[in-house]
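**Student:** The structure follows.
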Amino acid sequence: MDLRFTEEEIAFRKEVRDFIARELPAATRERMIAGKSPTKEQVVEWQRKLNAKGWAAPEWPKEAGGPGWTLAQRYIFREELQQAPAPSPLGFNINMCGPVIIEFGTEAQKKRFLPRMLNLDDWWCQGFSEPGAGSDLAGLKTRAVREGDHYVVNGQKTWTTLAQHADWIFLLVRTDPNAKKQEGISFLLVDMKTPGITVRPIITIEGGHEVNEVFFDDVKVPVENLVGEENKGWDCAKFLLGNERFGQARVGASRERIRRLKVIAQESMDGGRPLMEDPDFRRKVTEIEVELKALEMTVMRVIATETKRKDKKPDPATSVLKIKGTEIQQMCSELLMKAAGPYAWVDGDPEGEGDGNEVDVAPDWALGLAGIYFNWRKQSIYGGSNEIQRNIMAKAFLGL
Amino acid sequence: MDLRFTEEEIAFRKEVRDFIARELPAATRERMIAGKSPTKEQVVEWQRKLNAKGWAAPEWPKEAGGPGWTLAQRYIFREELQQAPAPSPLGFNINMCGPVIIEFGTEAQKKRFLPRMLNLDDWWCQGFSEPGAGSDLAGLKTRAVREGDHYVVNGQKTWTTLAQHADWIFLLVRTDPNAKKQEGISFLLVDMKTPGITVRPIITIEGGHEVNEVFFDDVKVPVENLVGEENKGWDCAKFLLGNERFGQARVGASRERIRRLKVIAQESMDGGRPLMEDPDFRRKVTEIEVELKALEMTVMRVIATETKRKDKKPDPATSVLKIKGTEIQQMCSELLMKAAGPYAWVDGDPEGEGDGNEVDVAPDWALGLAGIYFNWRKQSIYGGSNEIQRNIMAKAFLGL
Amino acid sequence: MDFDLSEEQRLLQDSVAKLLADKYGFEQRKAYMKTKEGWSTEVWSQMAELGLLGLPFAEDEGGFGGGAVETLLVAEQLGRAIALEPWLTTVVIGGSFLRNGASAELRGALVPKIAAGELKLAFAQVERQSRYDLFDVLTSAKKDGSGYVLNGRKGYVVHGDSAEKLIVTARTAGGQRDLKGIGVFLVDANAPGVQRRGYRTVDGQRAAEVELSDVRAEAVLGNPENGLPLVDQVVDEAIAALAGEAVGAMQVAHDMTVDYMKTRQQFGRPIGSFQALQHRAADMLVALEQARSMSLFAAMAVAERDPAERRKSMAAVKVQVGRSARFVGQQSIQLHGGIAMTMEYACGHYFKRLTVNDAMFGDADHYVRYLSDTGGLVQAA
Amino acid sequence: MDFDLSEEQRLLQDSVAKLLADKYGFEQRKAYMKTKEGWSTEVWSQMAELGLLGLPFAEDEGGFGGGAVETLLVAEQLGRAIALEPWLTTVVIGGSFLRNGASAELRGALVPKIAAGELKLAFAQVERQSRYDLFDVLTSAKKDGSGYVLNGRKGYVVHGDSAEKLIVTARTAGGQRDLKGIGVFLVDANAPGVQRRGYRTVDGQRAAEVELSDVRAEAVLGNPENGLPLVDQVVDEAIAALAGEAVGAMQVAHDMTVDYMKTRQQFGRPIGSFQALQHRAADMLVALEQARSMSLFAAMAVAERDPAERRKSMAAVKVQVGRSARFVGQQSIQLHGGIAMTMEYACGHYFKRLTVNDAMFGDADHYVRYLSDTGGLVQAA
């Protein structure tokens, strides 16, 4: 038993870190340190650099264009990106749709879509959730009716993240309305330029435009864009959701936030001295640091277990990672807001284009921190709410 | 709107406080400050002093021997007893069985039992819970079969507090085994000296003997000891349980514990100075003090509402008082243990008779504090567990 | 003890409730946010008509003679609507400064205007380094002839962009964090040397960053050499009003959540039928009721004559209300799920307002420390 | 990274598990508690036979050459049984003092006896004023000829009543809280001037209050002028073992609770079918897994060469394990209900042991402060 990284892994970490230091554009890094999402252009630019290096899809098998890394390497790579901070490979492409195509897709689909995914020539988005189907995903109603060599899709998706950037969407649709809930669902790939698709922004409480509603009105989708068998799309969905093995822990991202927090708490005054010198504030930070260290070890354990598992079933330990990972991130965002004090409350423009609102009314480091706190409340809701995770644990782990 | 006490109420508080200062035996007070339960003799002695003064049963109507106080006076009286600290009037007599007899009993029962209850000539105990019927009280199985002018009782009760001191027990028994769960239950008064009753101690985790199992083996109970109608005992039980209106908040008792905590934290050293000077410890104490102040105000609100209510239904706000009251008491007990540090872990004799274990191995003020912490975990379990209280709130208050 | 409202108090409560029911639907509020002022001048006029703007002033000075209970009642209703108007700054804070620190003459000049809705005030107190310490003041006030000249920079001046007059704390003597040597000054917001940059705050209100360059004060409020006790008194009154506002907002957030739980279906049943969520809603109710109790305590304690006791009581109010607001706010979002994360849904706006409400004049953590450092509420014995 | 046990490690784990399965049922444990020693001399002998008592010593000194992982494995099994034997004090703490502070000669004399179960050690460190500060020492050691004479009073000396030798911290120089000037001394527990008052602790273990009056030390461990680094090292190893013990105890408390939830019927169904209780059990599992992760981290970090880094890591271990132990312990009682409040039911004994385990050598709160004051785990950037 040895929890330490091997010499090779330590060398690999250095290689990644050096690459990021050399290649990551300063503007991207600075934007992310401020807590903002990178722009579309920044994401694309970075993904292409990773792709040129062969690192665009850490988890993909070599034959599909992946780097052939061990789980430990993948973990190190992602952690280094998060704590740089640098954009991660676009999840819709690399961790969601790509693996489904690799697992269930035809050779033609692989050839057509995978290289463009790697290079972010196509930006994908996810069409799963619907207004009536949140935690109860299988309750979806969007219909696809086969007519000749096309499906005709009608319905509505929601919470579609960054659909405004997307070239393609992967969809769960109901192809057999008479089948039981989780049967009769199919997995379709749809070009966002197809007539009949309307994207409507959803503005979140902090004012950001991250998610969308997507409407489908007689949208024609070629049958060749069906992944896997008709009415077997739930297998793809389960595979995709179960694929999320330790990503939600986001240990590197939280470490970066804690570093940032310590900087801000050094700048921000409280009681005539830097906030970081207040025992109660320090206590709160320390408690997060400890939880994060334990979470990091838990991730390592999951990696070690995963490395030996042969089946593709989701590991129930991912529920622990989801719950703790999001709790830690939310606490970080709350402390960052608190550290900034009254200056956190300036209503900045979360897209960061600047509407003049925030000019010279607060220190730079304080801007937008309340918005991030508000926005990050989503973390315990999405990706299977933390309540759903507790249900899963009670049933899958504890047999209750 | 005025939350302040009236001049009369303030004068009343002074009268109570002076009476306690004058009449409460020092040994009783000291024992209670140390966190121990008063002995049977101490409870009896004090109850008789209260009875001599006409204060034995704060909540009883005047014609039954009560003092005829307003709700505010009752609250003040109880708070003063708790924070003295002095024994409260024996709950089984005064708040449980007495009110049931006053509400449902015959004139003969009132005449026979009430005066002896007031003077603690009879010590009563409660026979409700059974091994299979905890939170689900109506699931009780103890049977009473009528044979001529007697009931014959068979079965088992548990968690019977201080049955070892008791002269009488009031019982819920099943008189109609074919009726639906809450029907077919009767309320009986039983002399503990009746043949066939066996009391077996339950030792709780800290080593104390507070509760018991009580076994009934062909116990003959005269029919005249039935309270209310046969098979209508659930009405008595509901009345009794609902009668608990604001007692569980125990604001005075918690205030006394916080005072004690501050004394101990001044004596106990931490980091080379009194623990009370540690910011983190002080923070914890302050947070309890704030919750307690809010709870005190909540009790006031309940009293003000109750004063105007005409029905006898239990007020759902009592769930708030139970939850917060017990949480605060448990936090106090935990901080007291923590304040004592390693010296809290001496396994003292909770009955305080002394088995030599605790002689000169720890400071006096540290002794028994871990035991009280362990014992007080019961508070969120008994009297309708805090989970049951949340069920009640969700249903009765929120309509969920 | 008497929790009943008087006939007048009930009338007041009802009239505010009716005004807001008519004028402060969620869509109406959004429209007000988009105006130049960021709030409704029409509602403001109607508040004047109802007497809400003269509420805390003596009747013989043109006010309505309301006390802490009346302030609480109005604040709670405004909290229910998460109203945007400058009532707290003008009537509660400004009103308290005028009542406790102004000459009868100055009050005579200003109170009728305030009551009529013609004068709005803002409190310029926060500085970049001060965080929540009212006595941490770098802005300077220099005696010049019979008056004072101010220099410095103030941040998060709530409604500082629409106010006609600013109430400014500035240092007449001593160092940055000395308790003595702080004065309170009335400044014409359009006077030479005043530069204001208005902005929207995350809770939908308006505020301004204010720079003062050789600005001549119009008047002094209270003792210019020792104005901190006045500031403390005023802020404690503001805290009592903020507590009322928070309780109103929490009540609506909680009601909204419970209603949603009854209608939202998942897995073929309303989510309110799931026990884990029921218990969360019950815990929210406990938090709300504890906060409500403290808001009532606040209305009483703010009248306490001993300033040290009053400050400690108001610190306790801040702690309880802040803790409750955080829990109720966060959980109202969580129990709703995604829908409450959207700008189009009211719940998130209550959450944001509750977040800022907690931190105004110091958050719960700040006051835990204050209360700890001053010995807490219970004496050792 | 490799979490797999070696063949030897698995054998070790199995052999301890088997011994405890045979000898450490709940009723057996109760019987051991009632003996004079308060634990089982028979089990102790069998632990010697299995090599558990010589575990951490070098093979050429009569030990088994086990490291931190082996210690963790044994500690976790002992925690599962909440075993009462003086293994931690003799083998982990005593062993570490001998390995890190004793001459080869002294080790040669003592290690074979320890390994054979013939010698038990106890660590006399706590004083009335010291709470959890290892450097807060009033007990004095005065140089006398070639040796030292000790005077003072030690409390909560775990297994101090049955140990044949005591390891005592005492001050050779400096004031009560100076970091320098602390020595570590081996004392014959029956030497003239040693007075011991044994007692039972709330978790069913044994401890003693020890008074030292002109007691001549048998040997010095480490540097008598600067023994604190040695004490820190030893306590950090103890913390790693305590973490393993806590994880074992938490695992059983959690299993017991989940099993009970499946069988206990209320309202006509098993209580484990109630979602609010299911979620609590899930949260307990999260806490347990986080603690388990930290116990593994502890086994690695205890070998860290930089003492300051090692201390910080072990502080983090204490914080996580302590927080988890508190939650799992309290909730295992709550979910059981009344039954777990009784002495006859095992769950309460796990709760009590977890409570004391948290606080040994400092509770979670103590180490939060330590870690905060030393800059935390993450560097600012």
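The values are calculated or read from the model by the stated rules, or taken from the named source; none is laboratory data. What you see is a predicted model; the values in this text were computed from it and never measured. FYI the Cβ positions are ideal-geometry reconstructions off the backbone, even for glycines, and counts take in every protein chain you see. Ligands, DNA and RNA are excluded from the accessible area calculation, which covers all protein heavy atoms including side chains. Shrake-Rupley method; radii C 1.70, N 1.55, O 1.52, S 1.80 Å.
**Student:** Treating the point 7 Å from Cα along Cα-beta-carbon as the label, what are the nm separations from D:Pro112 to the other copies, to one decimal?
**Tutor:** Copy-to-copy label distances at D:Pro112, shortest first: 10.9 nm.
**Student:** Translational diffusion coefficient, Stokes-Einstein: compute it for segment D:122-224 using the Kirkwood radius over C-alpha pairs as Rh, at 4 °C and 1.567 mPa s, and state it as an integer in µm² s⁻¹.
**Tutor:** 97
**Student:** Given segment C:122-224, what count of lysine pairs have C-alpha atoms under 19 Å apart, with each pair 8 or more places apart or on different chains?
**Tutor:** Lysine pairs meeting both conditions in segment C:122-224 amount to 4.
**Student:** Arranged from highest to lowest average of other beta-carbon atoms within 10 Å per residue, in what order do the peptides B:381-387, B:302-308 appear?
**Tutor:** Answer by packing, highest mean first, reads B:381-387, B:302-308.
**Student:** So what's the back-of-envelope 222 nm ellipticity for chain D, counting only DSSP H runs of four-plus at -39500 (n - 2.57) apiece and dividing by all residues, rounded to 500?
**Tutor:** -16000 deg cm²/dmol, from helical runs alone.
**Student:** Same structure again: Could you check how many percent of all C-alpha pairs in chain B are farther apart than 36 Å?
**Tutor:** 26
**Student:** Largest first, how would B:Thr175, C:Thr263, A:Thr28 line up by accessible area (1.4 Å probe)?
**Tutor:** C:Thr263, B:Thr175, A:Thr28
**Student:** Once you list every other residue whose beta carbon is under 14 Å from the beta carbon of B:Glu230, what net charge do they have if Lys and Arg are +1 and Asp and Glu are -1?
**Tutor:** Every neighbour counted, the sum reads -3.
**Student:** Summing both sides, how much accessible area is buried between D and B? Use a 1.4 Å probe and give Å² to the nearest 100.
**Tutor:** The contact between B and D buries close to 4200 Å².
**Student:** Taking both sides together, what accessible area is buried at the D/C interface, probe 1.4 Å, expressed in Å² and rounded to the nearest 100?
**Tutor:** 400
**Student:** Now a separate question. Over chain A, what percent of the accessible surface lies on carbon and sulfur atoms, probe 1.4 Å?
**Tutor:** Carbon and sulfur atoms account for 51 percent of the accessible area of chain A.
**Student:** What is the Cα centroid distance between segment A:1-16 and segment A:208-234, reported in whole angstrom?
**Tutor:** 41
**Student:** How many nanometers, to one decimal and shortest first, lie between the label point of A:Ala179 and those of its other copies, if labels sit 7 Å from Cα toward Cβ?
**Tutor:** Ordered by increasing distance: 5.5 nm.
**Student:** State, as an integer percentage, the relative contact order of chain A based on alpha-carbon contacts under 8 Å between residues 6 or more apart.
**Tutor:** Contact order relative to length: 13 percent.
**Student:** Counting only other chains, what is the mean number of Cβ atoms within 10 angstrom of the Cβ of each residue in peptide D:128-136?
**Tutor:** Across D:128-136, the average partner-chain Cβ count within 10 Å equals 5.
**Student:** To the nearest µm²/s, what D does Stokes-Einstein give for the protein assembly as shown at 20 °C and 1.002 mPa s, using the Kirkwood radius over alpha carbon pairs as Rh?
**Tutor:** Rounded, D is 60 µm²/s.
**Student:** Within 14 Å, Cβ to Cβ, of D:Glu8, how many net charges do the neighbouring residues add up to if Lys/Arg are +1 and Asp/Glu are -1?
**Tutor:** Charge balance in the 14 Å sphere: -4.
**Student:** Determine the principal axes of the Cα atoms in chain D, then give the extent along each, sorted from largest to smallest and rounded to whole angstroms.
**Tutor:** Principal extents (Cα only, largest first): 77, 56, 41 Å.
**Student:** Just how far, in whole angstrom, is segment C:264-328 from segment C:144-160 if you go by their alpha carbon centroids?
**Tutor:** Using only Cα atoms to place each centre, the spacing works out to 36 Å.
**Student:** How much accessible area per residue does the protein assembly as shown have, counting only protein heavy atoms and a probe of 1.4 Å, in square angstrom?
**Tutor:** 36
**Student:** Any chance you could list the semi-axes, whole Å, largest first, of the equivalent ellipsoid that the Cα gyration tensor gives for segment B:25-172, using √(5λ)?
**Tutor:** Largest first, segment B:25-172 gives 29, 20, 14 Å.
**Student:** A 30 angstrom limit on the alpha carbon distance is what I want to check against. Which of B:Lys181/D:Lys262; B:Lys293/C:Lys30; A:Lys338/A:Lys395; B:Lys49/B:Lys193 exceed it?
**Tutor:** Correct reply: B:Lys293/C:Lys30; A:Lys338/A:Lys395.
**Student:** Also: Once the cut-off is 16 Å, how many percent of the Cα-Cα pairs in segment B:86-150 end up in the long-distance tail?
**Tutor:** Every Cα pair in segment B:86-150 considered, those over 16 Å come to 61 percent.
**Student:** Something else about it: For D:Lys34, list the lysines whose Cα falls under 22 Å from its own Cα; do not include residues on the same chain fewer than 8 positions away.
**Tutor:** Partners found: D:Lys23, D:Lys120, D:Lys352.
**Student:** Considering only protein heavy atoms and a probe of 1.4 Å, how much of the accessible area of segment C:122-224 is carbon and sulfur, as a whole percent?
**Tutor:** 47
**Student:** OK, next. What is the Rg over Rh value, at two decimals, for segment C:7-120, using alpha-carbon atoms and the Kirkwood definition of Rh?
**Tutor:** Across segment C:7-120, the Cα-based Rg/Rh ratio is 0.97.
**Student:** Can you put A:Met1, A:Met192 in order of accessible area, largest first, using a 1.4 Å probe?
**Tutor:** These residues rank, largest area first, as A:Met1, A:Met192.
**Student:** Can you show me the helix-derived [θ] at 222 nm for chain B, built from DSSP H runs with n ≥ 4 at -39,500 (n - 2.57) apiece and divided by the number of residues, rounded to the nearest 500.
**Tutor:** Counting only the DSSP helices, I get -13500 deg cm²/dmol.
**Student:** Using a Gaussian network model of chain A with C-alpha springs under 10 Å, which one of A:Ser380, A:Ser319, A:Ser268 is most mobile by mean-square fluctuation?
**Tutor:** Comparing A:Ser380, A:Ser319, A:Ser268 in the GNM, the peak value goes to A:Ser268.
**Student:** Could you work out, residue by residue across A:385-394, how many beta carbons of other chains sit within 10 Å of that residue's beta carbon, and then give the average as an integer?
**Tutor:** The shielding value for this peptide is 6.
**Student:** I need the Debye-formula profile for segment C:205-257: one equal scatterer per C-alpha, no solvent, reported as log10 I(q)/I(0) at q = 0.28 1/Å, two decimals.
**Tutor:** -1.05
**Student:** Express the C-alpha Rg of segment B:138-228 as a ratio against the empirical globular expectation 2.2 N^0.38 Å, rounded to two decimals.
**Tutor:** 1.11
**Student:** Have a look at D:Gly79, C:Thr374, B:Asn178 and report the one farthest towards the positive end of the charge dipole of the protein assembly as shown, computed about the Cα centre with Cβ charges (Lys/Arg +1, Asp/Glu -1).
**Tutor:** B:Asn178
**Student:** Name the residue, out of B:Glu287, B:Glu210, B:Glu256, whose mean-square fluctuation peaks in a Gaussian network model built on chain B with Cα pairs under 10 Å.
**Tutor:** Looking only at B:Glu287, B:Glu210, B:Glu256, the largest GNM fluctuation is found for B:Glu287.
**Student:** Right, another one. What does the net charge come to around C:Gln195 if you take all other residues with beta carbon closer than 12 Å to its beta carbon, with K and R at +1 and D and E at -1?
**Tutor:** Result for the neighbourhood of C:Gln195: -1.
**Student:** Identify which of D:Ala241, D:Ala109, D:Ala303 has the largest mean-square fluctuation in a Gaussian network model of chain D, with springs joining Cα atoms closer than 10 Å.
**Tutor:** Looking only at D:Ala241, D:Ala109, D:Ala303, the largest GNM fluctuation is found for D:Ala109.
**Student:** Using a label point 7 angstrom from Cα along Cα-to-C-beta, what distances in nm, from shortest up, separate D:Ala303 from the other copies?
**Tutor:** Relative to the other copies, D:Ala303 has label-point distances of 7.1 nm.
**Student:** Quick one: pull the percent of accessible area on segment C:7-120 belonging to carbon and sulfur, 1.4 Å probe, ligands and nucleic acids left out.
**Tutor:** Ligands and nucleic acids excluded, carbon and sulfur reach 51 percent.
**Student:** How high is the relative contact order of segment C:122-224? Use alpha-carbon pairs under 8 Å, at least six apart in sequence, and give a whole percent.
**Tutor:** Over segment C:122-224, the number comes to 31 percent.
**Student:** Not counting ligands, DNA or RNA, and with a 1.4 Å probe, what is C:His349's accessible surface area in Å² rounded to the nearest 10?
**Tutor:** Spelled out: C:His349, probe radius 1.4 Å, area about 10 Å².
**Student:** Here's something else I'd like to know. For segment D:221-377, taking Cα atoms only, what is the radius of gyration to one decimal and the Dmax to the nearest whole Å?
**Tutor:** Looking at segment D:221-377, its Cα Rg and Dmax stand at 18.0, 68 Å.
**Student:** Using +1 on the beta carbon of Lys and Arg, -1 on that of Asp and Glu, and nothing else charged, what's the dipole of chain B about the Cα centre, debye to 20?
**Tutor:** The dipole magnitude comes to about 1180 debye.
**Student:** Name the longest site-free stretch of chain C, where the excluded sites are trypsin sites (Lys or Arg not before Pro) in a DSSP loop with no more than 10 other beta-carbon atoms within 10 Å.
**Tutor:** Longest gap between qualifying sites, sites excluded: C:37-304.
**Student:** Let me ask you something else. Heads up, I need the accessible area for C:Asp363: 1.4 angstrom probe, whole protein in place, Å², nearest 10.
**Tutor:** Accessible surface of C:Asp363 is approximately 10 Å².
**Student:** Continuing with the same structure: Which percent, to the nearest 5, of DSSP beta bridges fully inside segment C:56-214 are antiparallel?
**Tutor:** 85
**Student:** Run the numbers on segment C:303-343: which residues show a drop of 30 Å² or more in accessible area, chain on its own versus all protein chains together, using a 1.4 Å probe over heavy atoms?
**Tutor:** Going by heavy-atom accessible area, the residues of segment C:303-343 that drop by at least 30 Å² are C:Gln320, C:Arg326, C:Gln330, C:Gln334, C:Gly338, C:Met341, C:Thr342, C:Met343.
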